[in-house]
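The values are calculated or read from the model by the stated rules, or taken from the named source; none is laboratory data. A quick note: this is a predicted structure, and the numbers were derived from the prediction, not measured. Here the Cβ positions follow ideal geometry from the backbone for every residue, glycine too, while neighbour counts run over all protein chains shown.
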Amino acid sequence: MMHAELQGQANLADIVAAADSSETAAEIYLASLFIIDAQDAAERTYLDNLATALRLDPALVSQSEAKAGAAA
């Protein structure tokens, strides 16, 4: 699934459908943070839409973004 996303072949619905638990949803979001430029407006919109579609808690989103920023 992540390979398809990297190739630009997966759409948001496909990605969200792969999240069969809240843990998987969080992992998908975190992985997306590492491969997307959150400073780009279009990619930021994608991340916001992904977090919403995955029904992630805003606090978890903030924590994930902090982790990704610290690793960059």
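Quick check on the range 38-72: of everything there that is under 18 Å from ALA10 (Cβ atoms) and free of Cβ contacts under 8 Å to residues at least 12 places away in the same chain, which residue is surrounded by the fewest Cβ atoms within 10 Å (Cβ to Cβ)?
That would be ALA42.
Being surrounded by 11 or more Cβ atoms within 10 Å (Cβ to Cβ) and assigned to a loop (DSSP other than H, G, I, E, B) narrows it down to one residue among ALA26, ALA10; which is it?
Within the list ALA26, ALA10, the selection yields ALA10.
Which of the residues that make up the range 29-72 are outside any helix (DSSP H, G or I) and either modelled with pLDDT of 90 or more or not polar (S, T, N, Q) (or both)?
ILE36, ASP37, ALA38, ASP40, LEU54, ARG55, LEU56, ASP57, ALA72 - these are the residues of the range 29-72 that are outside any helix (DSSP H, G or I) and either modelled with pLDDT of 90 or more or not polar (S, T, N, Q) (or both).
Scan the range 14-36 residue by residue and report those that are within 14 Å of SER64 (Cα to Cα) and over 11 Å from the mean Cα position of the chain (by Cα).
Hits for the range 14-36 are SER22, GLU23.
Any idea which residue in the range 13-23 is nearest to VAL61 (Cα to Cα), counting only those that are surrounded by 11 or more Cβ atoms within 10 Å (Cβ to Cβ) and of a type outside the set (D, E, K, R)?
Applying the filter and picking the extreme gives SER22.
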